[in-house]
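J.: Here's a structure for you.
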Amino acid sequence: MRKIISALNPAKIFGPGRQNLPALPLFITALIILPVVVVVSSLLSPTWEVWQHLWNTLLPEMLRNTIILLAGVGLGTFLLGAGLAWLVVFYRFPGQSIFEWLFVLPMAVPTYIMGFVYMSIFDFAGPIQSFLRQQFGVVHWFPEIRSGSGAILVMTLALYPYVYMLAKAGFQGLSSTTFEAARAMGYGSGSVFIRIALPLARPAIAAGLVLALMEALADFATVRFFNFPTLSEGIIRVWYGLMDLRAATELAGLLAFFAFAVILIELTLRGRSRYYQTGGKAPGVPSVELTGWQKWAATGISLFVVGVALGLPIFQLVYWSVGEIKRMPAGAAEVYLGLIANSLLLAGLAAFFTVITALILASGVRMNGGTTARMLGRLATTGYAIPGAVIAVGILVTVTSFDHKLGDLLAEWRGISTGLILTGSLVGLIYGYVARFMAVAYNSVDAGLEKITPNITMSARMLRAGSWRILWRIHLPLIAPGIFAGAALVFVDVMKELPITVMLRPFGYDTLAVWVWQMAAESMWSGAAIPAVIIVLAGIVPIIFLTRAAARK
Amino acid sequence: MSGLLGKESARVVLANVSRFFGKVKAVCDLSFSIIDGEFFSLLGPSGCGKTTTLRLIAGLERPDSGVVAIGQEVVAGEKVWVAPEKRGVGIVFQDYALFPHMTVYQNIAFGLKGFSRKEIRQRVMHILAVVGLIGLANRYPHELSGGQCQRVALARSLAPSPKVILLDEPFSNLDADLREELRTETRRILKENGTTTILVTHDQEEAFSLSDRVGVLSQGRLEQIGTPAEVYHRPSSRFVADFVGKADFVAGVVDEGVVLSGIWNFPVNYEEKMAGREVDLMIRPDDVDFVLDPDGNATITEARFLGASIMYKLQLSDGMIIHSLKPSTEAIPPGAKVKVSINPEHAVVFSKDTDRAG
């Protein structure tokens with residue numbers, strides 16, 4: 001298969017047939033999946049006392065909550081995400097084109113930020129309940145926000161954009177002739193949606209649901225705010241509170257099992273169905289112009305969703321931030337600047353190393369082109385489906401044992417005691433980010449490599465360009481956008497990442513996300529506001545960038 | 001025009017060239033030579049080895065055995081290997097392979113190394129004028145139509161004044177009208193430049209209308225080489241006869257310079273060894289004529305309207321099927337009785353037991 005050729009070495013094209021799988025990609029993949037393998041294999045040799053203890057204390061509640069959370073967020077994001085996608089794709093109403101992309105923006109608000117904002121507003125001491133008490137005295141009927149339903153509601157608001165985006169793409173990819181055929185057979189627009197559009201878009205919706213569920217599964221901060229402990233929360237609690245790595249590993253194994261189950265559900269939902277659109281000639285579905293009360297109802301619903309999922313949290317955060325800036329105590333600015341510097345450094349380092357690794361991996365896979373190589377690529381990118389806590393625990397186990405061995409070795413040789421070198425250093429943390437966000441960088445870089453077809457390289461050669469000229473003038477410019485896009489996405493993901501950062505950071509190394517979490521956990525809302533605003537702003541930039549790029553296609 | 005591209009003698013010679021991919025013989029013992037300034041086509045069905053042959057000439061593949069020479073220089077042989085970029089050969093791919101991040105101007109200038117800025121500008125502008133794209137210099141490939149992309153690809157490969165230019169099915173991604181226009185245009189440009197051209201195509205009409213000579217390939221072997229008329233009228237094998245156009249085969253026996261075949265006897269070039277042998281006679285539909293005749297020796301069973309002409313399917317009184325191509329000025333309905341006459345001049349004799357022409 002001389003299908004697509006390496007970005008880095010044009011001379012390889014002329015080598016005899018397929019390249020051997022280079023050792024480096026193999027090594028990288030092994031390193032990336034090592035943490036997950038360590039955690040999962042711990043399930044094979046369980047420590048029964050640990051399980052016994054867990055079962056008698058935290059485990060039943062955590063399991064129950066995890067399942068309820070997945071079911072609730074799954075249903076919520078499906079209804080909201082697919083429903084809104086249906087609204088904007090199949091109908092036209094005032095403001096529809098603006099809402100079409102406003103609906104995506106809540107994705108920039110991490111669940112824990114959405115969580116603490118809602119907590120503060122609807123909690124007993126929050127403005128809503130205070131207002132009600134002022135008006136009507138003691139209010140008993142107000143639902144308890146610190147509950148499973150509260151967590152599900154908040155996560156649905158933060159995570160529905162995943163389902164929305166993929167469902168929208170799924171609906172838009174359908175060809176109009178399919179609908180016209182159904183209409184011609186006497187189906188109304190409602191039943192066309194239920195019987196044609198929804199089933200056809202099922203693979204896309206399933207993919208979106210999985211992304212949302214993965215986020216819900218990985219979250220530990222929001223469920224802690226809402227007093228609804230899940231497995232992720234349990235891992236952090238066991239590690240942070242009890243420093244019990246053994247129990248944390250066992251729980252992480254269980255959490256990884258949940259992640260695999262979610263992937264399995266997606267595969268089942270997709271089934272064997274691969275929906276090919278004969279379209280191309282007739283792409284795009286027919287949309288109906290809404291009239292009368294319907295059109296204002298559509299606009300009203302859209303306004304409400306955007307207000308609740310975006311307007312309210314942003315307004316509240318900005319309100320707090322302004323207040324915070326007005327009465328900032330001396331030295332606070334330095335603290336914030338320090339947080340920003342730490343976050344930027346971490347995100348920058350992570351983006352750099354992830355993209356470099358992805359480039360080596362993707363070009364190695366493409367150079368080889370075989371089934372094994374593609375499997376390697378697939379394997380290295382599974383980190384995105386694995387909750388951060390699992391990866392963090394896996395790295396803790398791996399790196400600590402490596403550190404101990406290295407320490408022993410040095411002690412024997414030179415008689416020096418080094419302590420633990422890697423554990424709790426930036427190295428372990430970056431390792432975690434690379435393993436977790438490899439998929440993001442890999443897909444972007446690979447999309448860049450895809451542009452370099454063999455014919456492009458050969459054309460350049462036939463025009464008398466040497467290897468360097470080809471690399472410099474053709475290959476690098478072609479993959480540069482993919483590299484930058486991948487780096488930007490990893491950067492933003494790391495800015496808001498919490499579980500890996502919390503578990504692997506050097507002692508006392510605070511980032512924006514860690515600060516938000518700690519402040520919010522202490523109900524110091526306004527103290528969390530400024531870092532939260534920065535995280536949200538950083539998240540909005542690539543969303544605008546990506547939706548523009550998608551629109552151009 | 002002749003000043004733009006090289007004047008030095010350029011010919012392409014392949015001698016006993018073979019290229020295997022594992023067990024697959026992509027090209028097998030191929031020998032032919034192409035004359036300076038010639039427009040030559042390699043014609044064959046997909047998988048016949050024509051693209052591999054092109055890539056062997058370009059230097060994108062290395063032969064397992066045999067010699068490739070360009071001009072007076074051996075570029076690939078047992079101990080010789082000249083890298084593709086040193087062969088002075090230009091290529092246009094089926095997908096054009098334009099550099100998507102460069103403008104039309106930059107694409108064309110890419111191959112012009114070692115010239116001053118002013119010279120590059122002059123050459124690019126000149127070549128843009130030649131292909132008729134003068135206003136599009138600053139466009140990017142994604143802003144061009146398919147036909148424009150094809151012209152840019154041609155211009156890009158012509159810019160460094162290659163001695164030989166290779167075209168790998170460059171018209172197959174275009175609409176029918178545009179394809180016709182660009183074929184003529186491309187031939188005119190290349191002929192005016194005096195560039196030796198090798199075109200790879202599976203479309204016999206394309207090969208015939210453009211080429212000075214055509215080489216027909218099948219399963220990695222050269223079946224026949226000759227002018228379009230030779231290949232069409234005097235095919236050297238049943239494969240060529242079938243591939244380059246519609247052909248009917250009429251069974252008969254050779255007798256004293258005449259093929260006796262049911263209703264007709266055809267005079268053919270007499271060969272001693274053929275005497276008494278059973279043969280098949282290849283007859284092209286354009287050599288078959290008929291007139292309406294109630295007492296005729298054939299019936300029209302089908303008439304397919306092709307625009308300028310009509311393809312008739314005739315059943316002869318002895319049951320044989322034969323086709324006839326006639327202008328559509330006169331349309332004769334199926335079922336009519338006709339009297340068939342065959343022009344024997346282009347009939348080709350194939351012996352029964354081999355595929356080769358006798």
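J.: Taking the range B:338-356 only, how many residues are surrounded by fewer than 19 Cβ atoms within 10 Å (Cβ to Cβ), under 16 Å from residue B:223 (Cα atoms) and in contact (Cβ under 8 Å) with a residue 12 or more places away in the chain?
T.: 2
J.: Oh, and also: Which of the residues that make up the range A:448-459 are more than 7 Å from chain B (Cβ to nearest Cβ) and among the small types (Gly, Ala, Ser)?
T.: Correct list: A:448 only.
J.: State which residue is nearest to residue A:392 (Cα to Cα) when the search covers only the range A:432-447 and only residues that are away from every other protein chain (no Cβ under 14 Å) and aliphatic (A, V, I, L, M).
T.: Once the filter is applied, the top-ranked residue is A:435.
J.: Hey, can you tell me all the residues within the range B:79-112 that are of a type in the set (S, T, N, Q) and surrounded by 22 or more Cβ atoms within 10 Å (Cβ to Cβ)?
T.: Selection gives B:107 alone.
J.: Right, another one. Which residues, taken from the range A:379-390, are touching a Lys or Arg at 6+ places or on another chain (Cβ under 8 Å) and part of a helix (DSSP H, G or I)?
T.: Selection gives A:383, A:384, A:388.
J.: Next question, about the same structure. Return yes when residue B:214 is of a type outside the set (Asp, Glu), in contact (Cβ under 8 Å) with a residue 24 or more places away in the chain, assigned to a helix (DSSP H, G or I) and touching a helix residue (DSSP H, G or I) at 6+ places or on another chain (Cβ under 8 Å) and no when it is not.
T.: no
J.: From the list B:162, B:170, B:100, which one is touching a strand residue (DSSP E or B) at 6+ places or on another chain (Cβ under 7 Å) and at the interface with chain A (Cβ under 10 Å from one of its Cβ atoms)?
T.: Answer to the check: B:162.
J.: Which one is nearest to the other protein chains (Cβ to nearest Cβ) among residues in the range B:70-88 that are modelled with pLDDT of 90 or more and not in a loop (DSSP other than H, G, I, E, B)?
T.: Taking the candidates together, the pick is B:81.
J.: Continuing with this model, one more query. Checking residue B:329 against (1) more than 15 Å from residue B:261 (Cβ to Cβ); (2) polar (S, T, N, Q); (3) in contact with a strand residue (DSSP E or B) (Cβ under 9 Å, 6 or more places away or on another chain): exactly one of these is not met. Which one?
T.: Only one criterion in (1) more than 15 Å from residue B:261 (Cβ to Cβ); (2) polar (S, T, N, Q); (3) in contact with a strand residue (DSSP E or B) (Cβ under 9 Å, 6 or more places away or on another chain) is unmet by residue B:329, namely (3).
J.: Right, another one. Residue under question is residue B:182, and the condition is that it be crowded, with 16+ Cβ neighbours inside 10 Å, modelled with pLDDT under 90 and over 23 Å from residue B:34 (Cβ atoms); does it hold?
T.: No, not satisfied.
J.: If residue B:115 satisfies all but one of (1) touching a residue at least 40 places away in the same chain (Cβ under 8 Å); (2) more than 19 Å from residue B:183 (Cβ to Cβ), what's the number of the condition it fails?
T.: (1)
J.: While we're looking at this one, here's another question. Does the range A:127-147 contain any residue that is touching a residue at least 12 places away in the same chain (Cβ under 8 Å) and farther than 23 Å from residue A:320 by Cβ?
T.: Yes, the range A:127-147 contains a residue that is touching a residue at least 12 places away in the same chain (Cβ under 8 Å) and farther than 23 Å from residue A:320 by Cβ.
J.: If the Cβ limit is 9 Å and pairs must be 6+ apart or interchain, which residue in the range A:241-258 that is assigned to a loop (DSSP other than H, G, I, E, B) pairs with which residue that is modelled with pLDDT of 85 or more and of a type outside the set (Lys, Arg)?
T.: Note: pairs meeting the criteria are A:244/A:238.
J.: Right, another one. Answer yes if at least one residue in the range B:7-24 is closer than 26 Å to residue A:452 by Cβ, surrounded by 22 or more Cβ atoms within 10 Å (Cβ to Cβ), in contact with a helix residue (DSSP H, G or I) (Cβ under 9 Å, 6 or more places away or on another chain) and not aromatic (Phe, Trp, Tyr), and no otherwise.
T.: yes
J.: So which residues in the range B:32-55 are in a strand (DSSP E or B) and either buried (at least 18 other Cβ atoms within 10 Å of the Cβ) or of a type in the set (Ser, Thr, Tyr) (or both)?
T.: B:33, B:34, B:39, B:40, B:41, B:42, B:43 - these are the residues of the range B:32-55 that are in a strand (DSSP E or B) and either buried (at least 18 other Cβ atoms within 10 Å of the Cβ) or of a type in the set (Ser, Thr, Tyr) (or both).
J.: Also, I was wondering about something else. Given the structure, is residue B:91 within 13 Å of another protein chain (Cβ to nearest Cβ) and part of a strand (DSSP E or B)?
T.: In short, yes.
J.: Please specify each residue of the range B:140-174 satisfying the condition of being in contact with a Gly (Cβ under 9 Å, 6 or more places away or on another chain) and among the polar types (S, T, N, Q).
T.: Of everything in the range B:140-174, those that are in contact with a Gly (Cβ under 9 Å, 6 or more places away or on another chain) and among the polar types (S, T, N, Q) turn out to be B:157, B:161, B:173.
J.: Let me ask something else about it. If I ask for residues that are at the interface with another protein chain (Cβ under 7 Å from one of its Cβ atoms), closer than 23 Å to residue A:545 by Cα and among the aliphatic types (A, V, I, L, M), which ones from the range A:469-479 would you list?
T.: A:478
J.: I've got another one for you. Determine which member of the set A:508, A:482, A:466 is more than 11 Å from chain B (Cβ to nearest Cβ) and either within 20 Å of residue A:535 (Cβ to Cβ) or surrounded by fewer than 23 Cβ atoms within 10 Å (Cβ to Cβ) (or both).
T.: The conditions single out A:508.
J.: In addition: Determine if the range B:157-170 includes at least one residue that is more than 27 Å from residue B:71 (Cβ to Cβ) and out of contact with any helix residue (DSSP H, G or I) (no Cβ under 8 Å at 6 or more places or on another chain).
T.: No - not one qualifying residue is present in the range B:157-170.
J.: Looking at the range A:391-413, is at least one residue touching a Lys or Arg at 6+ places or on another chain (Cβ under 6 Å), assigned to a helix (DSSP H, G or I) and modelled with pLDDT of 80 or more?
T.: Yes, that holds for at least one residue.
J.: Which of the residues belonging to the range B:113-124 are of a type outside the set (Phe, Trp, Tyr) and either buried (at least 21 other Cβ atoms within 10 Å of the Cβ) or more than 8 Å from chain A (Cβ to nearest Cβ) (or both)?
T.: Residues satisfying the conditions are B:114, B:116, B:117, B:118, B:119, B:120, B:121, B:122, B:123, B:124.
J.: Of all residues in the range A:193-225, which are of a type in the set (Val, Ile, Thr) and either over 30 Å from residue A:288 (Cβ atoms) or touching a Pro at 6+ places or on another chain (Cβ under 8 Å) (or both)?
T.: Answer for the range A:193-225, where residues must be of a type in the set (Val, Ile, Thr) and either over 30 Å from residue A:288 (Cβ atoms) or touching a Pro at 6+ places or on another chain (Cβ under 8 Å) (or both): A:210, A:222, A:223.
J.: Just to verify a result, which residue in the range B:143-159, among those that are more than 10 Å from chain A (Cβ to nearest Cβ) and touching a strand residue (DSSP E or B) at 6+ places or on another chain (Cβ under 7 Å), is farthest from residue A:455 (Cα to Cα)?
T.: Within the range B:143-159, the match that is farthest from residue A:455 (Cα to Cα) is B:158.
J.: Let me ask you something else. Among the residues in the range A:382-403, are any surrounded by fewer than 17 Cβ atoms within 10 Å (Cβ to Cβ), over 30 Å from residue A:531 (Cβ atoms) and not polar (S, T, N, Q)?
T.: Yes, some residue in the range A:382-403 is surrounded by fewer than 17 Cβ atoms within 10 Å (Cβ to Cβ), over 30 Å from residue A:531 (Cβ atoms) and not polar (S, T, N, Q).
J.: Might you check whether a residue that is within 10 Å of chain A (Cβ to nearest Cβ) and surrounded by fewer than 17 Cβ atoms within 10 Å (Cβ to Cβ) occurs anywhere in the range B:56-68?
T.: So far as the range B:56-68 goes, yes, one or more of its residues are within 10 Å of chain A (Cβ to nearest Cβ) and surrounded by fewer than 17 Cβ atoms within 10 Å (Cβ to Cβ).
J.: Separate question: Tally the residues that are over 15 Å from residue A:463 (Cα atoms), surrounded by 19 or more Cβ atoms within 10 Å (Cβ to Cβ) and either touching a residue at least 40 places away in the same chain (Cβ under 8 Å) or hydrophobic (A, V, I, L, M, F, W, C) (or both), restricting the search to the range B:137-166.
T.: Qualifying residue count, the range B:137-166: 3.
J.: Within the range B:258-280, is there a residue that is under 26 Å from residue B:203 (Cα atoms) and part of a loop (DSSP other than H, G, I, E, B)?
T.: No; the residues of the range B:258-280 include none that is under 26 Å from residue B:203 (Cα atoms) and part of a loop (DSSP other than H, G, I, E, B).
The values are calculated or read from the model by the stated rules, or taken from the named source; none is laboratory data. The structure displayed is predicted, hence computed values, not measured ones. Cβ: placed from backbone, ideal geometry, glycine included. Neighbour counts: every protein chain shown.
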